[in-house]
Every structure is written in C-alpha cells, then in structure tokens.
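Read the structure below first, then the notes.
The values are calculated or read from the model by the stated rules, or taken from the named source; none is laboratory data. These figures come from a predicted structure and were not determined experimentally. Counting neighbours? That spans all protein chains shown, and the Cβs are built from the backbone with ideal geometry, glycine included. Please note that ligands, DNA and RNA were not included when accessible areas were found on the heavy atoms of the full protein model with its side chains. Shrake-Rupley method; radii C 1.70, N 1.55, O 1.52, S 1.80 Å.
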Amino acid sequence: MPLHEVSGRELARRIREREASARVVCEAHIAAIRRVNPVLNAVVATRFDDALAEADAVDAQVKRGDALPPYAGVPCTIKESFAVTGMPQSSGLWARRNVRATEDAPTVARLRAAGAIVLGVTNVSELCMWMESNNRVYGRSNNPYDPTRIVGGSSGGEGAIVGAGASPFGLGADVGGSIRMPAFFNGVFGHKPSAGLVPNRGQYPVTEGEGLKLLSTGPLCRRAEDLYPLLEVLAGPDPEDPGTRELPLRDPSSVDLSKLRVLVVDGDGVSRVSAELVSAQRRVADVLARRGARVRHERIGALKRTLEVWSAAMSAAAGTRFAELLGNGRRVRAGRELGRWLLGRSPHTLPAIALALLEGWADKLEEHQRHMLAMGGELRGELTDRIGEDGIMLYPPYPTAAPRHFMPMLPPIRWAYTALFNVMHFPVTQVPLGLGPQGLPLGVQVASVHGNDHVTIAVAEELERALGGWVVPKARAR
C-alpha cells in the first residue's frame with residue numbers, strides 16, 4: 001500500500017526497518033495535505049518545517065541504531081482545541097484568534113514522547129459545541145467524500161484529514177459525540193475511551209468537576225490496528241487532572257469473540273434511522289454471529305429521553321457557563337447576540353448563540369433536571385445489565401450518512417445517538433462499514449460497559465478484517 005494508506009504502526013515499522021525514511025513519510029503526508037486541504041479546509045495551521053526537522057532527527061537515530069519509541073517518525077494531526085506548543089488554540093472563538101499555546105497538553109506530550117510528529121492542527125466548531133465544524137476564525141470544513149457534506153464536530157477537521165488519507169491518525173475529544181460523529185461522517189475509526197482513562201487537561205474549553213466524566217480524549221485513525229497502541233500511549237492518570245484515575249487497560253487480543261454477547265438496538269424511538277444504516281448494522285451482527293457470538297435485537301424505551309438526560313448531566317456538571325465562555329470571560333447576552341447575528345454583525349455562529357439561549361432556559365427547569373439525572377443513573381444501570389461484562393451494544397452513530405451543510409439544524413437533536421454513551425461513561429469505538437449508495441461512509445457504534453475498551457477495539461479489528469474498514473475517497477485515489 002502507498003504511504004498515505006497504511007496504518008501508523010506500519011509506517012513506524014517501515015521507518016524502523018529502513019524501508020522508508022521518516023522524512024519521506026512526512027513529506028508524503030505533507031504533500032497530501034497540500035493537495036486536499038484547499039477543498040477540505042481541515043488543517044487550519046501547520047508546522048511543516050519543524051516536522052521535517054524532527055523527521056530528520058528520527059532518521060539520524062535509525063542510522064545510529066538507537067532504541068526507538070513505538071511511533072517514531074510517524075506524522076499526525078491534532079484538534080486545534082488541544083494545546084500544541086507554538087500553535088493556535090482558539091477553539092474557533094473569534095476573541096481567542098491570536099491565542100497560541102505555550103506548552104503541550106498532556107496527551108499531545110504523550111504522543112510526542114511516543115515518537116509521533118505533529119504536522120498541524122485541525123478545525124473545530126465554535127467552542128467545540130456543535131456537530132458542524134465551522135467558525136468565524138477558520139471557516140467551514142468539507143467532507144472528503146463529498147465537499148457539499150459536513151465533516152461533523154467538534155473534531156471535524158481531524159476526521160476529514162484522516163478520512164482523506166492525509167494523516168494516519170489524530171487526536172480528538174468527545175463530550176457528546178465529537179470523536180465518533182467525525183469518524184463516522186469521514187469513514188474512519190474513532191475511539192471514545194471509558195471515563196477517566198485518558199487525561200483531558202490542556203484543552204480549551206474543558207469541562208469541570210463532574211463534567212470531566214462526560215468528556216473523553218481519544219484517537220481517530222484510518223486503520224483499526226492503531227486504536228489500541230494509541231490508547232496505550234494516551235492512557236494513564238495525570239496528577240493535575242482530577243478526572244483521571246488508574247484503570248486497567250487490557251489487550252484486545254485477549255477477547256474471545258465466540259463468547260461475546262451482542263445487543264443490537266436499531267434506534268432511539270425518536271429519530272428514525274435510514275434503511276442503509278440499519279442494514280449495515282445488521283451485517284455487523286451477522287459477521288459476529290458467524291464468529292459464534294450470541295446476538296439479540298431489542299428496543300429500549302428510555303432511549304427516547306437521551307437528549308434530556310445528556311442536557312441535564314451537562315447542566316449539573318457545568319462550572320463556567322457557556323455564555324461566559326462565548327464572551328471569553330464576559331457573559332454574552334444571547335438574545336442580543338441573536339439580533340446581531342440576524343444583521344450580520346455577530347462574531348459567533350448561530351449554533352453557539354442558540355446553545356447560549358437554551359442554557360438560560362434550562363436553568364429554570366431544576367426539578368425536571370433532577371428527574372432526568374435520576375433517569376440517567378437508572379439507564380446506566382439498565383444498559384450495564386443488558387450488555388454485561390462479556391458483551392457489546394451495536395447502535396447507530398446518527399440517523400443518516402453525512403448530511404449536507406446546514407442541515408443538522410433541521411432538526412438539531414439527532415446527535416443524541418452519540419451523546420447517550422457520554423452520560424453512561426462507556427467506551428465506544430466508531431467503526432467504518434464501507435460506502436452507501438450515495439458514496440458516503442456507513443458505520444456503527446460498538447459500545448461496552450465501563451473499562452471494556454479492549455472489547456470494543458477487538459470487535460473493530462474483526463469488523464475491519466471482515467468488511468474492509470476505511471475506503472480511500474475516490475477523489476483521493478485518482
């Protein structure tokens with residue numbers, strides 16, 4: 001396979017065994033970024049010269065016969081909301097457009113310590129709180145399979161550049177689906193780890209207090225074999241991050257698929273899932289059944305309340321209010337800002353303004369929030385029992401393949417399919433399942449109970465073997 005199609009692990013092997021130099025590997029991915037990014041607008045700031053100098057240093061280590069870390073010389077990209085020394089960290093907020101990071105986020109530092117070379121940072125939604133990556137600082141990102149379609153958010157630029165084959169893997173964060181939706185829409189793998197497994201410190205904005213259990217930092221990659229090694233690199237407590245704790249990380253090779261229990265849920269009972277996605281999910285169930293897994297299809301009535309449960313959890317966990325973040329420390333008057341937006345004078349996007357408005361209304365519904373929090377706890381217990389320690393749940397990532405730009409606002413509630421698992425604190429691996437009739441990626445969420453990251457990743461690896469995984473976009477292949 002060409003360099004821009006293989007996994008990060010394979011690139012590291014070729015570099016280590018002198019089949020390709022780190023410089024050549026980085027140059028190939030830099031060339032790919034330069035080729036696709038004018039259309040995608042996925043990478044919003046680059047560090048190509050520094051990256052090539054770092055690649056040369058790796059090549060010198062190889063020549064000397066030095067011991068190398070696991071991803072030595074392998075290029076990658078990072079979501080712009082993470083601190084990368086010397087790079088912008090605006091999170092798409094106009095008031096932060098000149099902010100640059102002075103140190104690496106812990107997860108970025110861990111990737112670099114593992115030998116990865118950062119090529120650049122990628123686009124996000126404004127303050128990382130919407131499912132379309134568009135903001136006043138960098139503009140809108142476009143899908144590598146169809147530029148008229150969204151890339152998802154908030155790690156949308158990351159999903160797009162990995163999906164285009166221009167980066168073997170990247171770093172994203174997920175509080176309501178921000179790794180999994182971009183992975184799905186752009187046809188790649190994404191993993192939302194169990195709550196507390198990977199540090200979240202070094203992002204802007206970052207959740208506080210109990211909200212740290214809703215936010216997860218994890219990888220997006222074009223090949224499933226990178227999921228577990230990257231998680232090994234990223235996982236582990238951070239003494240300055242109160243949301244992390246020591247959790248066992250088990251190897252996916254220890255999973256016996258013939259003993260797996262598979263719970264298949266076709267929808268939430270609110271937003272109807274397209275026939276092509278339901279069919280793709282059932283193909284997954286059939287593959288696992290042929291491996292000996294016990295498959296059952298069920299409906300779960302409480303899933304209808306997912307969005308309310310997630311909203312209540314976010315509201316209860318909130319420290320700094322979103323309207324204050326939007327104003328960069330000074331609370332934005334959302335109604336007034338909406339008026340400015342209608343006149344074309346606002347520095348904010350409509351989804352961000354709408355969220356600030358909804359935040360104000362939600363504050364007035366305390367009794368309803370308490371009820372939803374209790375329901376969330378009950379649902380977590382129910383799903384834990386239904387899935388079991390030796391099981392997974394198959395669930396759609398969204399009702400349709402990647403929608404056209406602006407369409408997620410009509411209606412703006414269908415991302416509940418991913419938000420469910422943030423409230424549950426469960427690990428989830430987003431798995432690509434080829435392309436549908438419109439040439440757009442299909443996919444499925446593979447979820448399990450807290451701590452079972454190795455189980456969802458093992459299933460992802462098996463599904464890649466059986467169904468093919470990431471498909472090179474046609475425009476990229478020509």
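Values for this structure:
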item: Number of positions in the stretch 200-240 that are open to solvent by less than 20 Å² (accessible area, probe 1.4 Å), outside any loop (DSSP other than H, G, I, E, B) and more than 21 Å from Ser154 (Cα to Cα); result: 2
item: Unmet criterion (only one of (1) closer than 24 Å to Asn37 by Cα; (2) in contact with an Asp or Glu (Cβ under 7 Å, 6 or more places away or on another chain); (3) assigned to a loop (DSSP other than H, G, I, E, B); (4) not basic (Lys, Arg)) for Leu442; result: (3)
item: Qualifying positions in the stretch 294-315 - over 17 Å from Pro351 (Cβ atoms), in contact with a helix residue (DSSP H, G or I) (Cβ under 6 Å, 6 or more places away or on another chain) and hydrophobic (A, V, I, L, M, F, W, C); result: Val295, Ala302, Val309, Ala312, Ala313
item: Some residue of the stretch 147-170 being in contact (Cβ under 8 Å) with a residue 60 or more places away in the chain, open to solvent by 10 Å² or more (accessible area, probe 1.4 Å), at positive phi and in contact with a Gly (Cβ under 9 Å, 6 or more places away or on another chain); result: no
item: Where a residue in the stretch 57-70 is closer than 20 Å to Pro229 by Cα and its partner, wherever it lies, is of a type outside the set (Lys, Arg) and surrounded by fewer than 17 Cβ atoms within 10 Å (Cβ to Cβ), with Cβ under 7 Å and at least six apart; result: Pro69/Ala113
item: Residue match in the stretch 88-98 (condition: under 20 Å from the mean Cα position of the chain (by Cα), closer than 20 Å to Phe189 by Cα and open to solvent by 10 Å² or more (accessible area, probe 1.4 Å)); result: no
item: Candidates Glu54, Glu80, filtered to the one that is of a type in the set (Asp, Glu) and either free of Cβ contacts under 8 Å to residues at least 12 places away in the same chain or open to solvent by 10 Å² or more (accessible area, probe 1.4 Å) (or both); result: Glu54
item: Scope the stretch 323-350; condition open to solvent by 50 Å² or more (accessible area, probe 1.4 Å) and charged (D, E, K, R); matching residues; result: Glu324, Arg330, Arg331, Arg333, Arg336, Arg340, Arg345
item: The stretch 287-322: number of residues that are within 17 Å of Gly381 (Cβ to Cβ), modelled with pLDDT under 95 and surrounded by fewer than 19 Cβ atoms within 10 Å (Cβ to Cβ); result: 0
item: Within the stretch 19-44, tally of residues that are open to solvent by 20 Å² or more (accessible area, probe 1.4 Å) and not basic (Lys, Arg); result: 12
item: Members of the stretch 1-18 found to be of a type outside the set (A, V, I, L, M, F, W, C), open to solvent by 20 Å² or more (accessible area, probe 1.4 Å) and over 25 Å from Pro147 (Cα atoms), listed by number; result: Arg9, Glu10, Arg13, Arg14, Arg16, Glu17, Arg18
item: When residues of the stretch 241-280 are limited to those that are more than 24 Å from the chain's Cα centre (by Cα) and open to solvent by less than 30 Å² (accessible area, probe 1.4 Å), the one farthest from Pro396 (Cα to Cα); result: Leu257
